[in-house]
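Here's the structure, in structure tokens; my notes come after.
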């Protein structure tokens, strides 16, 4: 028998012991309350008969009967508090200590002892707690009323004696102690319920003021945002000086791709400043695609035509959706027109020798596979609702690796990485235009590059 198996056996025996103690104390509670209420019935009978004419009708006898009733009621509540307090202790030990240790030993995702969580989540739990509190308050109120009535009876000259006064004082102290203990028990029950609910994954919400968060985030990573601002300003400067021949598809495509790159980079920085990590990654992916296609348009004169031709496949896909009735109802009158359009597209594909162009193929042709694998693939999961992208909302336990919390809201975990990445894209694009289109960069371009190379972004720990 190895250590894990031995510890599991000990934990199971501890669980069985806790179950036995819980059952025993609840059984004891029933027996004690049966005795107490029987005695209370006898005391009530004594009080009733003491109100009749005869030897038993003296205020002293009546005061004693009422005092016994008050004492029995208070003792019943005290006994209940003691028993339920002990039972709650065993329940907590079984579920929080034994259950969590079993979970860790077996490498489970959750505590296998689910009784506490099931009770805390039960729709009847609130009713049971309310009824218990109401019953306790009701009994405590009756006991307090009986004590007051006994005191009034004691004020009768014939009932004034030291023994009855002592009983009144003892019962009053007992009543006050029960009130304090009862409030403590209610608090303990609330704490136990909160602990049970904490086993479930919690959801954390974002700060109310996103602009405040953005100011703090930008201030915390100021060097990175400053260099990006300089690079973005330089890129906009180059874009405004880019002369385009409107009859040249390559120049038109290059200018539009560069504009899309600038826009995507600015959007990424804007979102990063507000802590939207997932959406920032989406814009980083868009910026990289624009950069790769921009580079392809520079080094391959026919690339713009190839991209335009590849769009014919998307047009054909849309036409097929219409013909198959997947894009709304197609009337018989319109079908011939759509079929003619499909034939025209097919003819254009054959005539132009069109082919589909993947981003991976573009990256390979422009010597950009490193960027493709390191950036494009890593950020592609953020574009879709993929398991990897959803996993970014989970915070895991540092030791067990189990989900502890669902975190929704702004984060600066990847801010430096994302801002540095889009800054580099802009600098690469400006350099490409300088080399291949002879567009001189701004005067401070070298200083911006030096400042960028001095940055050392920190990767998040998790």
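Coordinate-derived values only; no laboratory data. These numbers come from a predicted model, not from an experiment. A quick note on method: Cβ atoms are made from the backbone with ideal geometry, for glycine too, and the neighbour counts reach across all protein chains shown.
Some notes on this structure:
- Residue 386-residue 79 FRET efficiency (beta carbon distance; Förster radius 41 Å; 0.05 resolution): 0.10
- Computed from label points 7 Å out along Cα-Cβ, the spacing between residue 259 and residue 447 is 3.1 nm.
- Residue-span extension gain [residue 331 to residue 17] - 0.36 nm each, minus C-alpha spacing: 105.5 nm
- For the peptides 433-445, 221-233, the ranking by mean Cβ contacts within 10 Å, running from highest to lowest, is 221-233, 433-445.
- Residue 367-residue 24 FRET efficiency (beta carbon distance; Förster radius 56 Å; 0.05 resolution): 0.15
- Taking 0.36 nm per residue of sequence separation and removing the Cα-Cα distance, the residue 104/residue 434 pair yields an extension gain of 112.8 nm.
- Distance in nm between pseudo-label sites at residue 341 and residue 186 (7 Å out along the Cβ direction from Cα): 7.1 nm
- With R₀ fixed at 51 Å, the C-beta to C-beta distance from residue 308 to residue 402 puts the FRET efficiency at about 0.50.
- Model label points for residue 97 and residue 130, set 7 angstrom from Cα along the Cα-to-Cβ axis, are 3.4 nm apart.
- Potential extension, residue 352-residue 374 segment - 0.36 nm per residue separation minus Cα distance: 4.5 nm
- Using C-alpha pairs under 8 Å with a sequence gap of at least 6, the mean separation divided by the residue count of the stretch 339-432 gives a relative contact order of 10 percent.
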